[in-house]
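Down below is the structure, laid out as structure tokens.
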Amino acid sequence: MLAFDTVLSELARLFLWPVTLGVLLSFVYAVYCLGAFGIEWWQRRRDPSRALVLQPHAQASQEQMELVVLKQLEGVRLCSRVAPMLGLIATMIPMGPALVAVASGESQGVAQSLAPAFAAVIVALASASITFVVYTVRRRWLMRELVTLLDARDRLS
């Protein structure tokens, strides 16, 4: 049984770097999305009636335009859902060594194990928060575009 626990522990420890990299990439992606969101907000503010995303697909079917909307939102939706999970994983992996350090009375080991863990979860939650806000507002914008284009098409018919 001890060998099985050791294998699981080592396997979990192998995930620390990829998960930490995922947290960092999600944060970079969230900042990028926030910048793109700001530009889109500015464009929509200048010309609120203009369809920015769906205009090239105005002659497509409603289902095809809905797929375009889903594709546009897919990245921020995934990031807002996956980033907290990555943050949790990045927090849980160092908890094993931290608990061992607590059991052996090494408070320095606890601090060394948990400081990066909590930093990772904070960055992951910041990423998720940013992308969730972007997702929510962009979804409203894109739905408004879709309704506007479909209403215009119905008026022409």
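Here are some notes:
Results for (1) surrounded by 15 or more Cβ atoms within 10 Å (Cβ to Cβ); (2) part of a helix (DSSP H, G or I); (3) out of contact with any helix residue (DSSP H, G or I) (no Cβ under 7 Å at 6 or more places or on another chain), shown as yes or no for each residue.
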position	(1), (2), (3)
84	yes, yes, no
97	yes, yes, no
113	yes, yes, no
121	yes, yes, no
125	yes, yes, no
130	yes, yes, no
145	yes, yes, yes
150	no, yes, no
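- Residues that are among the hydroxyl-bearing types (Ser, Thr, Tyr) and under 28 Å from residue 134 (Cβ atoms) were ranked within the range 1-31; the one that is least open to solvent (accessible area, probe 1.4 Å) is 26.
- Only one of the listed residues (40, 10) is of a type in the set (Asp, Glu) and touching a residue at least 24 places away in the same chain (Cβ under 8 Å). That residue is 40.
- Residues being surrounded by 11 or more Cβ atoms within 10 Å (Cβ to Cβ) and either modelled with pLDDT of 95 or more or assigned to a helix (DSSP H, G or I) (or both) - total across the range 40-61: 5
- So residue 93, is it open to solvent by 20 Å² or more (accessible area, probe 1.4 Å), within 12 Å of residue 114 (Cα to Cα) and out of contact with any strand residue (DSSP E or B) (no Cβ under 8 Å at 6 or more places or on another chain): yes
- Considering 80, 104, 26, 61, the condition of being hydroxyl-bearing (Ser, Thr, Tyr), free of Cβ contacts under 8 Å to residues at least 60 places away in the same chain and either touching a Cys at 6+ places or on another chain (Cβ under 9 Å) or within 19 Å of residue 120 (Cα to Cα) (or both) is satisfied by 80 alone.
The values are calculated or read from the model by the stated rules, or taken from the named source; none is laboratory data. No experiment lies behind these values; they were computed from the predicted model shown. Quick reminder, even Gly has a Cβ in these numbers, built from the backbone with ideal geometry, and neighbours come from all protein chains shown. Side chains are part of the model used for accessible areas, which takes the heavy atoms of the whole protein and leaves out ligands, DNA and RNA. Shrake-Rupley method; radii C 1.70, N 1.55, O 1.52, S 1.80 Å.
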